[in-house]
Amino acid sequence: MTPAEKEVADLCVELIRVDSSNYGDGSGPGERAAAEVVMARLDEVGIEATYIESEPGRGNVITRVEGSDPSLPALLVHGHLDVVPANAADWSVDPFAGEVRDGYIWGRGAVDMKDMDAMMLALLRQLKREGRKPRRDLVFAWVADEEAGGVYGAKYLTAHHPELFEGVTEAISEVGGYSLEVDPSLRLYLIETAQKGLAWMKLIADGTAGHGSMLNSDNAVTEIARAVSRIGDHDWPLTYTPTVRTFLTEVADAFGIPFDENDPQPILDKIGPLVRFVGATLSNTTNPTQLTAGYKSNVIPGQAEAVVDGRFLPGFEDEFFKTIDTLLGPKVRREFVHHDIALETTFDGALVESMIAALKAEDPAARAIPYCMSGGTDNKTFFADLGVRGFGFVPLRLPVDMDFAAMFHGVDERVPVEALQFGVRVLDRLLLNY
Ligand SMILES: [Zn+2]
């Protein structure tokens, strides 16, 4: 076992024990203590890193490993240090104890994403100790605030310290690279190459205020309710982006079933609980989430509001808003609560070839396939601000019965120790050879 394989679990446990819950309102402990663990472990082996606080307590750590070939563009490897909160009463273990049990490390952040944070750390320490050099510059970044939009992490760093990412053209980070076992001779590894865009929209209906006992043909509550049900009931058509089409074709092929464009459900049935990641990537979606209107039973308010969580496919943003505006009708307008881009990159090129080769070398049954995720990651910020092509690649060979998708923000989040060791080996091959 390599030194990185030996220590990756301990590093993951150490990071989980630091509560870096992000409540999204600034009330959490921040990422400073977790960043200090990273800094201390880097310092221990003589690696210099830059510590940046965007706000008091909101810690980010960045370090660059110089490559042997300065003509090659740099690769960014990033992980977030914050985690979503955990309600300890729901868990079978203390979510911040980092307990190791039955071959798993348990705790908040075990897969999202202190696993990768620890793999990055273990690998860097090993590189330094062994004096090995990658071919290209590698920029390692442990960032704050991903779980609340990256304002104090990726967004702050790209806006205020773009020089740290000089020469970076590609990135790898969370939610991809994990295995789906078809049979013992074939494991699909899902590499994330696309993400849906996000439109949290506030809908506003203006009407005529008045007494509830009188006739009123301009009722804002009625108007907002109509718009909300039109949007909530809308049947978004099946739409296959290049990534989703490739994904479904590959899964169908792996399981030996046909890909019927009119009925993709049999393919989705084959991927089990992972459908949580991809089930919503076959169309745009709109889910009404909030309603606000009125203050008294017999007073018709002059205004009523609702919030809709809209998610659009890469390449279909204009079409999405055109449909939304038709559904809103003439009496309801919309504003953005939050708006973020969709991403899609092609599943080709030297980095993809290197990921495939690294997986194959450690798992001869590996077949890598691209997929689109319905949520988003910090890769969006790095793309929007620096034009970096991002992939979800945290290599984990998972047990066949593990419900991996349920681990994300879930109760009893955990990661197999062996999967971390596998990940370190794959990343070692990828980062050193690419
Ligand atoms: Zn995450």
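The values are calculated or read from the model by the stated rules, or taken from the named source; none is laboratory data. Please read these numbers as outputs of a predicted model, since none were measured by experiment. Here the Cβ positions follow ideal geometry from the backbone for every residue, glycine too, while neighbour counts run over all protein chains shown.
Descriptive notes on the structure:
- Residue among Leu359, Leu351 that alone is in contact with a helix residue (DSSP H, G or I) (Cβ under 7 Å, 6 or more places away or on another chain) and surrounded by 15 or more Cβ atoms within 10 Å (Cβ to Cβ): Leu359
- Condition check for Pro95: more than 22 Å from Met39 (Cβ to Cβ), modelled with pLDDT of 95 or more and away from the ligand (no atom under 14 Å from the Cβ): yes
- Considering Thr249, Thr222, the condition of being without any contact (Cβ under 8 Å) to a residue 40 or more places away in the chain, more than 29 Å from Asn379 (Cα to Cα) and either of a type outside the set (Gly, Ala, Ser) or more than 16 Å from the ligand (Cβ to nearest atom) (or both) is satisfied by Thr222 alone.
- Filtering the stretch 52-75 to residues that are under 20 Å from Met119 (Cβ atoms) and either within 16 Å of the ligand (Cβ to nearest atom) or in contact with a His (Cβ under 7 Å, 6 or more places away or on another chain) (or both) leaves only Asn60.
- All positions within the stretch 318-360 that are β-branched (Val, Ile, Thr) and without any contact (Cβ under 8 Å) to a residue 12 or more places away in the chain: Thr326
- Ala34 being under 20 Å from the mean Cα position of the chain (by Cα), assigned to a helix (DSSP H, G or I) and either surrounded by 20 or more Cβ atoms within 10 Å (Cβ to Cβ) or basic (Lys, Arg) (or both): yes
- With respect to the conditions (1) more than 16 Å from the ligand (Cβ to nearest atom); (2) among the acidic types (Asp, Glu); (3) surrounded by 20 or more Cβ atoms within 10 Å (Cβ to Cβ), Asp43 lacks only one, and its number is (3).
- The listed residue being in a helix (DSSP H, G or I) and either under 27 Å from the mean Cα position of the chain (by Cα) or closer than 28 Å to Val307 by Cβ (or both), out of Thr286, Thr239, Thr249: Thr249
- Summed over the stretch 220-236, residues that are surrounded by fewer than 18 Cβ atoms within 10 Å (Cβ to Cβ) and over 28 Å from the mean Cα position of the chain (by Cα) total 6.
- Looking across the stretch 64-100, the residues that are touching a residue at least 24 places away in the same chain (Cβ under 8 Å) and not in a loop (DSSP other than H, G, I, E, B) come down to Arg64, Val65, Ala74, Leu75, Leu76, Val77, His78, Gly79, His80, Val83, Asp90, Val100.
- In the stretch 388-407, residue surrounded by the fewest Cβ atoms within 10 Å (Cβ to Cβ) [restricted to those that are in a loop (DSSP other than H, G, I, E, B) and among the hydrophobic types (A, V, I, L, M, F, W, C)]: Val400
- Top-ranked residue of the stretch 112-132 - restricted to ones that are out of contact with any helix residue (DSSP H, G or I) (no Cβ under 6 Å at 6 or more places or on another chain) and not charged (D, E, K, R), ranked as nearest to the ligand (Cβ to nearest atom): Met113
- Hey, Glu174 within 16 Å of the ligand (Cβ to nearest atom) and among the acidic types (Asp, Glu) or not: yes
- The stretch 372-392 residues that are in contact (Cβ under 8 Å) with a residue 40 or more places away in the chain, paired with ones that are hydroxyl-bearing (Ser, Thr, Tyr) and within 11 Å of the ligand (Cβ to nearest atom) (beta carbon under 7 Å, 6 or more apart): Thr377/Ser173; Asp378/Ser173; Asn379/Ser173; Gly390/Ser173; Gly392/Ser173; Gly392/Thr377
- Test: residue in the stretch 150-161 that is within 29 Å of Val77 (Cα to Cα), within 16 Å of the ligand (Cβ to nearest atom), within 24 Å of the chain's Cα centre (by Cα) and among the basic types (Lys, Arg): yes
- For Val228: the one exception among (1) more than 16 Å from the ligand (Cβ to nearest atom); (2) closer than 25 Å to Phe316 by Cβ; (3) in a strand (DSSP E or B); (4) of a type outside the set (Asp, Glu): (3)
- Members of the stretch 335-360 found to be more than 26 Å from Ser283 (Cα to Cα) and either within 16 Å of the ligand (Cβ to nearest atom) or touching a Lys or Arg at 6+ places or on another chain (Cβ under 6 Å) (or both), listed by number: Ala358
- Per-region count, the stretch 346-387, residues assigned to a helix (DSSP H, G or I) and at pLDDT 95 or above: 13
- Restricting the first member to the stretch 396-416 and to residues that are away from the ligand (no atom under 16 Å from the Cβ), and the second to residues that are of a type in the set (Asp, Glu), the beta-carbon pairs closer than 8 Å and six or more apart or on different chains are Arg397/Glu362; Arg397/Asp363; Arg397/Glu418; Leu398/Glu181; Val400/Glu181; Val411/Asp90.
- When the criteria are applied in full, Pro266 fails the requirement of being surrounded by 13 or more Cβ atoms within 10 Å (Cβ to Cβ) and not in a helix (DSSP H, G or I).
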